[in-house]
Amino acid sequence: MADRNRTGPDWEDARFFAALARHGSLSATARALGVNHATVARRVAAMEQALGEKLFERRPDGYALTAAGTRALEAADAMEKAARRLLRAQEERPLGGLVRIAATPSLADLYLVSRFAALAQRHPGIDIEIVSDRRLASLARREADIALRLGAPKDARGVDADVIARRLATLAFGYYGTADWRGRIAAGAAPVFVGFDEANAHLPESAFLARHFPRSRLAVRANTQSTQAIAARAGHGIALLPHFIAAEEGVLVAVPLVPLPPTRDLFLLTNRLSADDGAVRAVRDFLAELFHADAALFSGLDD
């Protein structure tokens, strides 16, 4: 009579059983699965108990399948193949859904938006929401799935408990203005700048200008570097900008001023809870490819 209290075999037990059938010894199976031989023996014993049948005969040269074991192996193989088919089907399914990306206004406006057309071609089912604000969107509160931020993440290791961090690019800076301003500076004129407003005076580039050009005039103040670039293009003064902004503007020219501020690292941050979502992973991979291809645009090494 069948044992009414017996439960069906666990898939993990079946996986260990199938591996032992293929490798023929506890030690070889343990090495293949990255566990100790006691774990293999325990899993196989649990499988035999669940089925109520002896699946192996222990021989001097290893483990040999019994008739029941041979039948069980056929079923385990079928289960493995079905699992692989299911995984392939999930991987091949078109990705879709909304992915929220937080980025600085200048990075969003002058770099990201135009390049997301390529992402739409690759994954037409993914919708993008760009949160372009200097206020840091909270990944923990799911205000964004991905954040692009300047400067190292919170802790010294580069990763905190809730965030996966990856360095995307190194941003270098230069002084940019019109050709007229370049000529005036080359002739010895005092610089006039376009910079951040008082609310953003704490930002590194603003503090750098104040420290190294304390007597210089700020003719136009704005809260984003994209607005500063427009003001510099109009001839109001010289803007201290990341190289990529000047390159995307296409009209600004480098102005020979020193010193230059140190470079800053741009990080891609992902909430650990959403990192394995297919759409989030696809966007994260797309961004990593994009910034890798444009590394020279950000570092200015192609100037």
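Binning all Cα-Cα separations of region 173-254 at 10 Å, short to long from zero, yields these whole-percent fractions: 20, 57, 22, 0.
Charging the Cβ of each Asp and Glu at -1 and of each Lys and Arg at +1, and nothing else, the dipole of region 11-92 about its Cα centre rounds to 140 debye. Comparing A68, A78, T39 along the charge dipole axis of region 11-92, the residue lying farthest to the positive side is T39, per the Cβ-charge model.
Within the chain, all pairs of alpha-carbon atoms sorted by distance into 10 Å bins from zero give the percentages 6, 20, 20, 15, 13, 10, 8, 6, 3, 0, 0. Cβ-Cβ distance of R215 and A118, R₀ of 45 Å, FRET efficiency by 1/(1 + (r/R0)^6): the value works out to about 0.45. GNM on the chain, alpha-carbon springs under 10 angstrom: the most fluctuating residue among G125, G62, G195 is G62.
When Rg and the Kirkwood radius Rh are both evaluated on Cα atoms of region 192-303, their ratio Rg/Rh stands at 1.05. Each 5 Å bin, from zero up to the one with the longest distance, holds this percent of the alpha carbon pairs of region 11-92: 3, 16, 25, 24, 17, 8, 5, 2, 0, 0.
Of the residues A169, A83, A232, the one that moves most in a GNM of the chain with alpha-carbon contacts below 10 Å is A83.
Remark: the chain carries a charge dipole of roughly 440 debye about the Cα centre, counting +1 on each Lys and Arg Cβ and -1 on each Asp and Glu Cβ.
Note on the chain: with a GNM built from Cα contacts shorter than 10 Å, the maximum mean-square fluctuation among A229, A38, A165 falls on A38. Loop sites here are trypsin sites (Lys or Arg not before Pro) outside DSSP states H, G, I, E and B with no more than 16 other Cβ atoms within 10 Å. The longest part of the chain free of them is 55-133. Entry note, the chain: the mean residue ellipticity at 222 nm calculated from DSSP H runs of n ≥ 4, each adding -39500 (n - 2.57), is -12500 deg cm²/dmol after division by the residues and rounding to the nearest 500.
Every read-out reported here was derived from the displayed coordinates using simple, explicitly stated rules and does not represent laboratory data. All values reported here derive from a predicted model rather than from experimental measurement. Every residue, glycine among them, receives a Cβ derived from its backbone with ideal geometry; neighbour counts consider all protein chains shown.
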